[in-house]
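Asker: First, the structure itself, so that you have it in front of you.
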Amino acid sequence: MAEVIGAVPLGMAGLIFPLFAWFYAIFAKYELKPEELKGIAITELIAFISLLFQASWHIIANPFGAVVSMLFSTIPAMYAFIWLLAFFTHWFGLDPKPLGDCALCITISECIATACFFVLGIGLPWQVIIDLIIYAPFTTLGFYLVNHGYGGKAVVYYVGVICFLAWLATIDLQFWGAGILPAYTPPIV
Amino acid sequence: MEELYRFLVPEEVVEGAFENLWVQGRYGFTGCVTNHRVLFVGTTRKMGFEKERIIEIPLDAISNFEVKIKERDAKLFIAGVLLIGVGILFSLLVPQFAPAGIVYAGAGIGCIVLSRKLKKKYLVIEAKGLALRIEGIGDIAEEMASTLRRAIEKVRSGVERES
């Protein structure tokens, strides 16, 4: 398994930055001035680059065979592109509503992609599925709400907490999910 | 933001200032309510070119203003229905998926509940026969309405005292 998903630790290495940056920005009560937003936007660009590299590696190396490699590629690719959109939105101070719409859009795609692991009978450990469920629907839905004008205290607090959980899920994927350390949950099939 | 507007309009009393506003659906505005007017300053982009926009409404020109509420978020509702669909469909296709399917269906129900519970608030200011729609993040529209009410009451009580 470690050989098959070898690019996952690299992808996750970039993803931990924006998730932790947003968690910290919310709980440290940043005012989110343009300069602070630009700093966070750079972490989103880092996530885009590392996730795109992961997605590309899975297509080029084709470690599992066409269908499964595409699945391992499409999930990071969707997140890579949403982080690219987030980078441009926060760097240039653009209207965040399209970002929220896209987060809602990939929620469904990501949930179907997660279900495909079961349909294809890939023996991933349950912890990976739990990590993917934390990303979508819960984190992506939070991104929709917070970028669509629902910025009430409860919504912002929810996004802060879910960013922290998603950061923990990313660390889990980086080491345990990727096979660097042995999985601690049974396989799904 | 209030300090910034105090520099911008030093001869007026700034009652309140607000950021990240959508004015008539255009994002990127800041706004303030002074003892004389409501002022919106923002940058809009068309074909990549930036243009500064200033919208100014004198307080005595405002005929009416109210906070309107959008009752349902259709996008969130559709996402909820789709999540329930994905959860049920794949649970039926692959029984091992059922625990995850239940979580998806639960999140879908949460989306449907939220789509009715979370209400988007807009402030509509009517002046000179026109209506300007302002949307903010969270409860900004309500805060702006109460600031505007306070400013108009102050102006009216001042006029009455003078007369």
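So that you can scan it fast, the table gives a plain yes or no per residue for (1) under 26 Å from the mean Cα position of the chain (by Cα); (2) modelled with pLDDT of 95 or more:
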position: B:I54; (1), (2): yes, no
position: B:K70; (1), (2): yes, no
position: B:G80; (1), (2): yes, yes
position: B:L83; (1), (2): no, yes
position: B:G87; (1), (2): no, yes
position: B:Y104; (1), (2): no, yes
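Asker: Out of B:A107, B:A141, which single residue is among the aliphatic types (A, V, I, L, M), within 30 Å of A:T107 (Cα to Cα) and in contact with a Cys (Cβ under 9 Å, 6 or more places away or on another chain)?
Answerer: Checking each option against the conditions leaves just B:A107.
A quick yes/no check of all residues on (1) away from chain A (no Cβ under 13 Å); (2) within 30 Å of B:R150 (Cβ to Cβ); (3) not aromatic (F, W, Y):
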{"site": "B:T43", "(1), (2), (3)": "no, yes, yes"}
{"site": "B:N64", "(1), (2), (3)": "yes, yes, yes"}
{"site": "B:K75", "(1), (2), (3)": "no, no, yes"}
{"site": "B:A79", "(1), (2), (3)": "no, no, yes"}
{"site": "B:V86", "(1), (2), (3)": "no, no, yes"}
{"site": "B:G106", "(1), (2), (3)": "no, no, yes"}
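Asker: Quick check: anything in the range B:48-60 loosely packed, with under 15 Cβ neighbours inside 10 Å, over 21 Å from B:L21 (Cα atoms) and not charged (D, E, K, R)?
Answerer: There is no residue in the range B:48-60 that is loosely packed, with under 15 Cβ neighbours inside 10 Å, over 21 Å from B:L21 (Cα atoms) and not charged (D, E, K, R).
Asker: In addition: Which fully enclosed helices (runs of 4 or more DSSP H) of the range A:20-123 have 2 or more residues being of a type in the set (S, T, Y) and either within 14 Å of chain B (Cβ to nearest Cβ) or surrounded by fewer than 19 Cβ atoms within 10 Å (Cβ to Cβ) (or both)?
Answerer: Filter on the range A:20-123 gives A:66-92, A:97-119.
Asker: Scan (1) assigned to a helix (DSSP H, G or I); (2) small (G, A, S); (3) modelled with pLDDT under 95 for the single condition A:A169 breaks and write down its number.
Answerer: It is condition (3) that A:A169 fails.
Asker: Continuing with this model, one more query. Given the criterion out of contact with any strand residue (DSSP E or B) (no Cβ under 8 Å at 6 or more places or on another chain) and either touching a residue at least 24 places away in the same chain (Cβ under 8 Å) or closer than 17 Å to A:H148 by Cα (or both), identify the matching residue among B:L76, B:L123.
Answerer: That would be B:L76, the only listed residue that is out of contact with any strand residue (DSSP E or B) (no Cβ under 8 Å at 6 or more places or on another chain) and either touching a residue at least 24 places away in the same chain (Cβ under 8 Å) or closer than 17 Å to A:H148 by Cα (or both).
Asker: Does B:N20 satisfy the condition of being over 30 Å from A:F118 (Cα atoms), at the interface with another protein chain (Cβ under 9 Å from one of its Cβ atoms) and part of a strand (DSSP E or B)?
Answerer: yes
Asker: Taking the range B:113-145 only, how many residues are surrounded by 15 or more Cβ atoms within 10 Å (Cβ to Cβ) and more than 14 Å from chain A (Cβ to nearest Cβ)?
Answerer: 6
Asker: A:F81: in contact (Cβ under 8 Å) with a residue 12 or more places away in the chain and either in contact with a Lys or Arg (Cβ under 9 Å, 6 or more places away or on another chain) or within 27 Å of A:V189 (Cα to Cα) (or both), yes or no?
Answerer: Judged against the criteria, A:F81 is not a match.
Asker: Would the range A:124-133 turn up any residue that is within 24 Å of B:S91 (Cα to Cα), facing another protein chain (nearest Cβ under 8 Å) and part of a helix (DSSP H, G or I)?
Answerer: The answer is yes; a qualifying residue exists.
Asker: Go over the candidates B:G80, B:G31, B:G25, B:G110 one by one and state the one that is under 26 Å from B:K121 (Cβ atoms) and touching a helix residue (DSSP H, G or I) at 6+ places or on another chain (Cβ under 6 Å).
Answerer: So the residue among B:G80, B:G31, B:G25, B:G110 that is under 26 Å from B:K121 (Cβ atoms) and touching a helix residue (DSSP H, G or I) at 6+ places or on another chain (Cβ under 6 Å) is B:G80.
Asker: Would you point out which residue out of B:V67, B:V86 is in contact (Cβ under 8 Å) with a residue 12 or more places away in the chain and within 30 Å of A:A113 (Cα to Cα)?
Answerer: Within the list B:V67, B:V86, the selection yields B:V86.
The values are calculated or read from the model by the stated rules, or taken from the named source; none is laboratory data. For clarity, every value in this text was computed on a predicted model and none was experimentally measured. Counting neighbours? That spans all protein chains shown, and the Cβs are built from the backbone with ideal geometry, glycine included.
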